[in-house]
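The values are calculated or read from the model by the stated rules, or taken from the named source; none is laboratory data. In this text the structure is predicted, and so the values were computed from the model without any measurement. Here the Cβ is made from the backbone with ideal geometry for all residues, glycine too, and neighbour counts use every protein chain on show. Note: areas computed on protein heavy atoms with side chains; ligands, DNA, RNA excluded. Shrake-Rupley method; radii C 1.70, N 1.55, O 1.52, S 1.80 Å.
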Amino acid sequence: MTDPLLRLSGLTKAYPGVVANCDVSFDIGKGEVHALLGENGAGKSTLVKTIYGLVRPDSGSMTLEGQPFQPAEPRAARAAGVAMVFQHFSLFDALNVAENIALGMENPPPQNAVAAQVRAVSDQYGLPLDPTRIVGELSAGERQRVEIIRCLLQDPKLLIMDEPTSVLTPQEVAILFETLRKLSAEGTAILYISHKLEEIRSLCDNATVLRLGQVVGTCDPRATSARDMAELMVGSVLHVPQKADRPAGDIILSLDGLSAKAPHQFGTALRDITLEVRKGEVLGIGGVAGNGQDELVAALSGEMRTGAGMIRFKGDSIGQLPPNARRKIGLLAAPEERMGHAAAPDMSLTENAIMTAMTRQKLTSRGFVHWAKARRFAQGVITAFDVRTQGPQNTARSLSGGNLQKFVIGREIMQDPDLLVVNQPTWGVDASAAAAIRQALLDLAAKGAAVICISQDLDELMEISDRFAALNEGRLSSPRPAAGLTVEEIGLMLGGAHDMEVAHVDV
Amino acid sequence: MMILEKRQQPSPIWSLATPVLAVILTMICGGLLFATLGKNPFETIRTIFLDPLFSEFAWYYRPQLLIKGAPLVLIAIGLSFGFRAGIWNIGAEGQYIVGAICGAAVGLAFYPANSALIFPLMVMAGALGGLLWAMIPGILRVKFGTNEILVSLMLVYVAEQLLASMALGALRNPEGMGFPGSRNLSQYPSAANLELIAGSGMHWGVVAAFVAVIFAYITLSRHVFGFQVRLSGQSPRAARFAGVNPGLLVLICMGISGALAGLAGLFEVAGPAGQISIDFNVGYGFTAIIVAFLGRLHPVGILLAGGLMALTYIGGEIAQSNLGLPGAAIQLLQGMLLFFLLAVDVLTHYRVRFGKVGVA
């Protein structure tokens, strides 16, 4: 057998107080699709940043095609043939596709040459993309294609992809996988990072599992079950949320032709959403990011006011009520963006608890804050939801994403809502924390509250929802029972307003 | 090699130590500056920072400290609410002027009547005048999305023209032989803001400044409004989610800063200045911005910073008259203070490490 494309030997990188990578070694062969698995904080990002030249290891070495490989910066890594598609895109909304791609080049050729190259690559790899379109108008899937094509123009030997499918519809995932298989067949190696084990099973040739910075195992994903891989990642038996069968209760929320203008230039207008939610049920709303999820949450939480009669809660029209008045009558929400929306990064957890729990937990009297009471409430959330932190005096910023998410969701659940709206409740959260959050949502529904769970993770929605609806360009499909829905049907529901009729066909 | 590493939490020790460090660095670099100007650096620094407090003429300078510090503290406290919430009222100077005009106009309208009610009425008129002047940029921002920095700043120049017109026209002293300027309020007992204890410098404006410090401290640390102000400054989106009405917050913060600036103007015109004149305003409204930041927008910090700023003013004047130091050198020193404060601020949020580079 020939030399591997990339060999990592004994890579170690320590940060103050934490060893991010400890003696990590593995090989990636030419044309191999290699999965990197691990919970949040397992050291995956540090490892890929090392390969991409963003982090210099404390010890250990890498070889690329048999030559020592020590990129001092991403430019050196790119020159050596390593490209990376990040989870968060770095694109300018106001520029078109070709301009965005030219911006990332060292010596960009004229615009029409770039556009021609983009067209050529997008044809070659089956990634439809028009180089003259403005990025602000593209879907998340199309934006990702811009990033991928930007990488492919460098003709890479190794392509690193960090959680690429978290924002895609099933159909878009299929297109992406087709492209990746084509690349792999041409000899480009792919290092694929994902939480989604079923995807890894269908795409990857090999998998390396990291836990607490160390390689804890390798496996052939095609021959290993998703559950076994998950348990390898977590290091313990995975707890799968239990959904109890329960009869649906009375209608608690009804939306009647809810429409609202887009709140800003790149926002989405809500169009004629009609919906009824009953006590004790979990309604899952799927859809690709940017199709009105944020706006729907804002309309329900009270951050965005809507016309009279469009939103009825327990029979009363509440479209004009501000957020705290809605909290008082039992409607709570947890938005998607943790830092800066659901929580204030530089404030303590106690202060973050006051943010939304002030009204229902009576944390103030005559305008003065009860700090001791607020601290007790925050501590209660920390204890009940196993938030890993030294205490409620720590800032929200000091928590890892998963822990802060547990705090944010816990803060709302501990207030006993009658209806809880959550957006992306487990985004970027590791497997065991995600399972705990889903279980908490199911427990809340079992106690008789209604839950609206908006998510892009279809597996999650199928796991916890009683009914499922899809949001597309601000329109909501009519909800259908989640049990028995196939991936194809869901894909059609997500696919677009024009396909809506098809989606209505019964199973 | 030295590298900076972001702290998980801002360091409480450094956030207290950095202002002290900034003052020390200012003294060192200021000393070097004075040395290059051919002055004895030690004598100059002593003159500026210590003579107002400890020299043989300190009995004269100490009251001056209160008189100069009070308007700075009063205005800076008002500004700190808006600055914490990300609302940038740069026009406190204009609100200070309009407060003084309104307050003085009420007092002069009653001249020469005698009543204990006149001064309280003037205080109310002063606060109201500043408040209404600040409402102009506030309402324009809420209704039309204009930038409050520009509007409030430009209204300073409008206020200055208004001041000149009042000194020359409506409020001119009818017995003043045609000279510009109003009657002297400090010689009109019912309207005068006199020293409460003779020779102490303690007038009602100083009392108001201390009350404002206490009020602001309690509001920011204990009251929901203070919480909402801090939340809005840190994450406007989170604040909206928490139920803060951003437009109302703009109006309240502009209102507080305008009213306190107006009060400062009234206390000044009825006391130390005595009359409405063309050159009544001396830049307290702008210097208060530096004071607010020097005090880290914290009420107690602002109190100390206001004192320090007043000290450099008085010390600077002594150095100018006794040592022949140019006035610009004093301004440079004050600028240096703000510069070093911002520079060493990095230590509150970052840890300095010495050693090999970890990140390329």
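Have a look at B:ILE318, B:MET254, B:THR47 and report the one farthest towards the positive end of the charge dipole of chain B, computed about the Cα centre with Cβ charges (Lys/Arg +1, Asp/Glu -1).
Positive-most Cα among the choices belongs to B:MET254.
Can you run phi through the Karplus equation (6.51, -1.76, 1.60; θ = phi - 60°) for the range B:159-165 and list ³J(HN,Hα) in whole Hz, with x for Gly and Pro?
Once rounded to whole Hz, the list reads 4, 5, 5, 4, 4, 4, 5.
Can you tell me how the range A:239-351 classifies by the Cα gyration tensor, rounded, prolate or oblate, using a/c under 1.5 as the rounded cut?
rounded
So how much accessible area does A:GLU473 have, in Å² to the nearest 10, using a 1.4 Å probe?
Here the accessible area works out near 90 Å².
Excluding A:GLY60 itself, what net charge comes from residues whose Cβ is under 13 Å from its Cβ, given Lys and Arg +1 and Asp and Glu -1?
+1
Measuring from label point to label point, each 7 Å out along Cα→Cβ, what is the B:TYR157 to A:ASP459 span in nm?
It works out to 6.4 nm between the two label points.
Using label points projected 7 Å from each Cα along Cα→Cβ, tell me how many nm separate B:VAL300 and A:ALA223, to one decimal.
Label at B:VAL300, label at A:ALA223, 6.8 nm between them.
In peptide A:311-323, what is the residue-averaged number of other protein chain Cβ atoms found within 10 Å of each Cβ?
Numbers: counts 0, 0, 0, 0, 0, 0, 0, 0, 0, 0, 0, 4, 6.
Across A:311-323, the average partner-chain Cβ count within 10 Å equals 1.
With a cut-off of 8 Å between alpha carbons and a minimum separation of six or more residues, what is the relative contact order of the range A:118-227 in percent?
21 percent
Give, in whole angstrom and from largest to smallest, the semi-axes √(5λ) of the equivalent ellipsoid of the range A:6-234, with λ running over the eigenvalues of the Cα gyration tensor. It would help to have the intermediate numbers written out before the result.
Numbers: eigenvalues 173, 84, 50 Å².
They are 29, 20, 16 Å, listed largest first.
When the label point is put 7 Å from the Cα of A:LEU212 along its Cα-to-beta-carbon vector, which residues of the range A:22-46 have a backbone N closer than 16 Å?
Residues A:22-24, A:38-44 fall inside that zone.
Using a Förster distance of 41 Å, how high is the FRET efficiency between A:ASN112 and A:GLU337, based on the Cβ-Cβ distance and rounded to 0.05?
Numbers: r = 38 Å, r/R0 = 0.93.
Computed FRET efficiency for A:ASN112 and A:GLU337 comes out at 0.60.
Alpha carbon centre of the range A:24-86 versus the range A:350-365: separation in Å?
45 Å
Once you average over the residues of B:227-238, how many Cβ atoms of partner chains fall within 10 Å of each Cβ? Let's see the in-between values first.
Working: counts 9, 3, 0, 4, 6, 1, 2, 6, 12, 3, 8, 15.
Per residue, the number of nearby Cβ atoms from other chains is 6 on average.
So what's the net charge close to A:ASN96: Lys and Arg +1, Asp and Glu -1, counting the other residues with Cβ under 10 Å from its Cβ?
Numbers: positive: A:ARG133; negative: A:GLU99, A:ASP130, A:GLU137.
Net charge around A:ASN96: -2.
Which whole-number percent gives the relative contact order of the range A:168-231, counting Cα pairs below 8 Å spaced six or more residues apart? Walk me through the numbers before you get to the answer.
Working: 43 pairs, mean separation 14.9, N = 64.
Computed over the range A:168-231, the figure is 23 percent.
Compute the relative contact order of the range A:6-234 as a whole-number percentage, counting only Cα pairs closer than 8 Å that sit 6 or more residues apart in sequence. Show your work: numbers first, answer last.
Values: 432 pairs, mean separation 65.9, N = 229.
Once normalised by length, the contact order is 29 percent.
Within 14 Å, Cβ to Cβ, of B:GLY285, how many net charges do the neighbouring residues add up to if Lys/Arg are +1 and Asp/Glu are -1? All intermediate terms of the calculation are to be shown ahead of the outcome.
On the way: positive: B:LYS68; negative: B:GLU93, B:GLU160, B:GLU268.
Taking every other residue near B:GLY285 into account, the sum is -2.
Calculate, in nm to one decimal, what B:ILE214 and B:ALA58 gain on full extension: separation in residues at 0.36 nm each, minus their alpha carbon distance. Show your work: numbers first, answer last.
Working: separation 156, 0.36 × 156 = 56.16 nm, distance 2.77 nm.
Result for the pair: 53.4 nm of gain on full extension.
Got a sec? Which residues in the range A:355-394 would a label at A:ASP416 touch, if it sits 7 Å along Cα→Cβ and we count backbone N under 16 Å?
A:357-363, A:377, A:381
Just round it to a whole percent: the fraction of Cα-Cα distances in the range A:251-504 exceeding 28 Å.
Values: 9785 of 32131 pairs.
Considering the range A:251-504, 30 percent of its Cα-Cα pairs are separated by more than 28 Å.
At a Förster radius of 45 Å, what calculated FRET efficiency corresponds to the Cβ-Cβ distance of B:TYR111 and A:LYS447, to the nearest 0.05?
Values: r = 73 Å, r/R0 = 1.62.
Rounded to the nearest 0.05, the efficiency is 0.05.
Mind checking the mean number of beta-carbon atoms from other chains within 10 Å of the Cβ atoms in A:324-331?
Numbers: counts 3, 1, 1, 2, 0, 0, 0, 0.
Mean shielding by partner chains, rounded to a whole number: 1.
What order do B:CYS102, A:CYS453 take when sorted by accessible area (1.4 Å probe), most exposed first?
Numbers: B:CYS102 45, A:CYS453 0 Å².
Descending order: B:CYS102, A:CYS453.
Please name whichever of A:ALA76, A:ALA262, A:HIS34 sits farthest to the positive end of the charge dipole of chain A, dipole taken about the Cα centre and charges placed at Cβ: Lys and Arg +1, Asp and Glu -1.
A:ALA262
Quick one: what are the phi-derived ³J(HN,Hα) couplings along the range A:25-34, Karplus 6.51/-1.76/1.60 with θ = phi - 60°, whole Hz, x for glycine and proline?
My calculation for the range A:25-34 gives 9, 6, 10, 10, x, 4, x, 8, 9, 10 Hz in order.
With a 1.4 Å probe and all protein chains kept in place, how much accessible area does A:LYS328 have, in Å² rounded to the nearest 10?
Per-residue accessible area (A:LYS328): approximately 150 Å².
Per-residue HN-Hα couplings for the range A:62-70, Karplus 6.51 cos²θ - 1.76 cosθ + 1.60 at θ = phi - 60°, whole Hz, x for Gly and Pro?
Per residue, the Karplus-derived 3J(HN,Hα) values read 10, 10, 10, 6, x, 9, x, 10, 9 Hz.
Any idea what diffusion coefficient chain B gets from Stokes-Einstein, in µm²/s, Kirkwood Rh on alpha carbon pairs, 37 °C, 0.692 mPa s? Mind showing how you got there, number by number?
Details: Rh = 21.7 Å.
Estimated via Stokes-Einstein, D reaches 151 µm²/s.
Kindly sort A:MET493, A:MET304, A:MET462 by accessible area of their heavy atoms, largest first, with the probe set to 1.4 Å.
On the way: A:MET493 0, A:MET304 30, A:MET462 55 Å².
Sorted by accessible area, descending: A:MET462, A:MET304, A:MET493.
Determine the share of the range B:254-317's accessible area contributed by carbon and sulfur atoms, expressed in whole percent, with a 1.4 angstrom probe.
Numbers: 1180 of 1710 Å².
Its accessible area is 69 percent carbon and sulfur atoms.
In Å, what is the Rg of the alpha-carbon atoms in the range A:353-439, and how long is Dmax?
Final numbers for Rg and Dmax: 13.1, 43 Å.
Over the Cα atoms of chain A, what is the Rg over Rh ratio if Rh follows Kirkwood? Before the final figure, lay out the partial values.
Numbers: Rg = 23.7 Å, Rh = 24.3 Å.
Expressed as Rg/Rh, it is 0.98.
Quick one: grab Rg to one decimal and Dmax as a whole number for the range A:25-133, Cα atoms only, in Å.
16.7, 46
In 10 Å bins starting at zero, report the fraction of Cα pairs in the range B:54-191 per bin as a rounded %.
Whole-percent P(r) values from 0 Å outward: 11, 32, 32, 20, 5, 0.
Identify the residues of the range A:153-195 with backbone N under 16 Å of a label point that sits 7 angstrom from the Cα of A:GLU65 along the Cα-to-Cβ direction, or state none.
So the set is A:154-159, A:186-190.
How big is the Kirkwood radius of the range B:223-360, worked out from every pair of different alpha carbons and given in Å to one decimal?
Numbers: mean 1/r = 0.0538 Å⁻¹.
This gives a value of 18.6 Å.
Could you state how much accessible area A:SER432 has, in square angstrom rounded to the nearest 10, with a 1.4 Å probe and all protein chains kept in place?
Its heavy atoms expose roughly 50 Å² to the probe.
Can you put A:ARG75, A:ARG376 in order of accessible area, largest first, using a 1.4 Å probe?
On the way: A:ARG75 130, A:ARG376 155 Å².
Highest to lowest solvent-accessible surface, that is A:ARG376, A:ARG75.
Roughly how many debye, to the nearest 20, is the charge dipole of the range A:251-504 about its Cα centre, given +1 on each Lys and Arg Cβ, -1 on each Asp and Glu Cβ, and no other charges?
Working: 26 positive and 28 negative charges, 297 e Å.
The calculated dipole for the range A:251-504 is roughly 1420 debye.
Let me spell out the model: positive unit charges on the Cβ of Lys and Arg, negative unit charges on the Cβ of Asp and Glu, origin at the Cα centre of the range B:209-360. What dipole size does that give, in debye rounded to 20? Could you put the intermediate results ahead of the total?
Numbers: 8 positive and 4 negative charges, 197 e Å.
About 940 debye.
Need one number for the range B:1-65: average projected area of the convex hull over its C-alpha atoms, nm². Intermediate results must be reported in sequence, preceding the final value.
On the way: hull surface 30.0 nm².
Result: a mean projected hull area of 7.5 nm².
Largest first, please: the extent of the C-alpha atoms of the range B:208-250 along each principal axis, to the nearest Å.
Cα spread of the range B:208-250 along its principal axes, largest to smallest: 34, 18, 14 Å.
Roughly how many debye, to the nearest 20, is the charge dipole of the range A:285-348 about its Cα centre, given +1 on each Lys and Arg Cβ, -1 on each Asp and Glu Cβ, and no other charges?
Details: 7 positive and 7 negative charges, 82 e Å.
Using Cβ point charges on Lys, Arg, Asp and Glu, the range A:285-348 gives about 400 debye.
Grab the beta carbon distance between B:ALA328 and B:GLN187, set R0 = 30 Å, and tell me the FRET efficiency rounded to 0.05.
Working: r = 36 Å, r/R0 = 1.19.
With R0 = 30 Å, the Cβ-Cβ based efficiency is 0.25.
Of the accessible area of the range A:251-504, with the probe set at 1.4 angstrom, what percent is carbon plus sulfur? Please report the intermediate quantities before stating the final value.
Working: 4590 of 9200 Å².
C and S atoms contribute 50 percent here.
How big, on average over all directions, is the shadow cast by the Cα convex hull of the protein assembly as shown, in nm²? Before the final figure, lay out each step's value.
Numbers: hull surface 174.1 nm².
With the hull built on Cα positions only, its mean projection is 43.5 nm².
Among B:ASN245, B:HIS203, B:GLY78, which residue has its Cα positioned farthest towards the positive end of the charge dipole of chain B, with +1 placed on the Cβ of Lys and Arg, -1 on the Cβ of Asp and Glu, and the dipole taken about the Cα centre?
B:ASN245
Using just the Cα positions, wrap the range B:170-245 in a convex hull and report its mean projected area in square nanometres, one decimal place.
Working: hull surface 38.2 nm².
For the range B:170-245, averaging the hull's shadow over all directions gives 9.5 nm².
Send over a whole-number figure in Å² for the accessible area per residue of the range B:73-325, probe 1.4 Å. List each step's numbers first, then the result.
On the way: 10010 Å² over 253 residues.
About 40 Å² of surface per residue is accessible.
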